[in-house]
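A short write-up of the structure that comes next.
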Amino acid sequence: MDLECWMGCLQDTIQDKKLSEIVIPGSHDSGSYCITNHSKRTYLLPDLGSCLNPIVDIVGAPWSKTQPNSISVQLRMGVRYIDLRVFLDTDTDEFVLVHGFEAAAFKYEIKAIAEFVLSHPTEVVIIDVNHIYQCQEDDVARMLTMFEEEFPDMLCPVPRYGTNSAPGGIPTYGELIESGKRVIVAASERPEHFLNSSWNHAHLRDTFPWLWSSENNLVSPWGNTFHVDKLYTFLKETMALPRSPVSLHVCQAILTAQDFDTVAGILRPPSSVKQTAKKLNPHLPAWYKEFKTSYHLNVTIVDYIDTDLVKLLVNLNLPDYPPSSDADPLIGRGSV
């Protein structure tokens with residue numbers, strides 16, 4: 001069974017499960033894979049002048065790059081939740097992905113996602129545009145129109161609360177496949193996520209009825225800690241909270257460096273997100289198995305996600321996994 005089409009391979013198991021009941025691998029800051037210290041800097045980075053900015057860039061770039069692989073490769077690895085931060089470059093009037101530095105061009109990345117979705121008819125993809133920078137409402141509408149152009153008739157409507165006459169809630173995997181609405185696009189409504197931006201989510205939803213809310217439909221608690229033990233406690237506490245019938249839950253299994261940690265990295269490790277992931281990610285298999293048993297693990301995002309972790313998460317959808325023996329898991333590594 002290939003991770004590239006794992007949803008289709010598990011169709012008999014997940015057919016009648018709501019998307020909120022499926023364990024879904026995701027990547028954090030999915031589009032940051034191409035950032036280097038030569039990438040175009042944005043106002044999200046401190047401006048210390050022409051003498052010090054090159055030093056800031058050398059130190060900052062390894063903290064801005066959170067993934068080693070392109071979004072296209074991530075999808076082929078089995079990632080099904082894509083985390084995008086969108087920035088309007090006013091010099092070019094083009095949308096780019098961003099994490100401190102400018103990363104990949106937005107239009108090329110959503111085109112790559114569309115190519116994957118079209119060529120993999122059994123797969124569902126979630127795209128969370130949870131930070132939008134330097135955009136006014138007309139700019140955001142222009143960006144959202146690009147989703148309609150790339151995913152015609154494939155965008156899943158916003159889930160509604162059910163009534164006595166009409167069931168609601170998150171759709172099942174089978175319903176998404178049958179309807180062809182296999183792409184979910186969400187955007188945040190929180191003002192602090194729109195630096196130098198101004199737009200009204202409710203107004204845009206009138207025009208784009210498929211636009212999910214990152215707060216109401218994609219609940220994603222952020223631990224904001226650089227300590228493994230504190231993150232574990234935070235994730236357990238938030239996983240145990242009641243959940244809305246119209247939302248997915250995102251487990252942010254990531255460590256967040258504070259300013260002191262970033263500066264201290266000049267003298268001692270970790271000095272990058274890659275090294276931070278090496279510190280945290282070995283703990284995640286045990287955590288995920290516990291969360292699957294004690295809570296309901298749904299979407300989870302990771303820095304420097306790799307095929308082994310994706311394979312574990314996909315296997316957690318099997319009713320008899322984790323196995324009681326050391327038998328090989330059902331799903332193989334797949335090819336990328």
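The values are calculated or read from the model by the stated rules, or taken from the named source; none is laboratory data. Worth saying up front: this structure is predicted, and the values here are computed from it rather than measured. No Cβ is skipped: glycine too gets one built from the backbone with ideal geometry, and neighbour counts run over all protein chains shown. Surface accessibility is based on the protein's heavy atoms, side chains included, excluding ligands, DNA and RNA. Shrake-Rupley method; radii C 1.70, N 1.55, O 1.52, S 1.80 Å.
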- Checklist (1) surrounded by fewer than 15 Cβ atoms within 10 Å (Cβ to Cβ); (2) aromatic (F, W, Y); (3) within 27 Å of L309 (Cβ to Cβ) applied to F106, failing item: (1)
- Residue check, V79 farther than 22 Å from S220 by Cβ, touching a Gly at 6+ places or on another chain (Cβ under 8 Å) and either in contact (Cβ under 8 Å) with a residue 24 or more places away in the chain or not in a strand (DSSP E or B) (or both): no
- Item | the stretch 70-81, subset hydrophobic (A, V, I, L, M, F, W, C) and out of contact with any Leu (no Cβ under 8 Å at 6 or more places or on another chain), residue nearest to H131 (Cα to Cα) | I71
- Could you grab me the full set of residues in the stretch 119-172 that are part of a strand (DSSP E or B), open to solvent by 30 Å² or more (accessible area, probe 1.4 Å) and farther than 24 Å from I24 by Cα? Q136
- Note on the structure: Restricting the stretch 84-118 to residues that are of a type outside the set (D, E, K, R) and part of a loop (DSSP other than H, G, I, E, B), the one farthest from H131 (Cα to Cα) turns out to be T92
- Task: Among residues belonging to the stretch 18-69 that are under 30 Å from P159 (Cβ atoms) and assigned to a strand (DSSP E or B), point out the one that is most open to solvent (accessible area, probe 1.4 Å).
- Result: K18
- the stretch 1-17, residues that are part of a helix (DSSP H, G or I), open to solvent by 10 Å² or more (accessible area, probe 1.4 Å) and over 19 Å from L118 (Cβ atoms): D12, T13
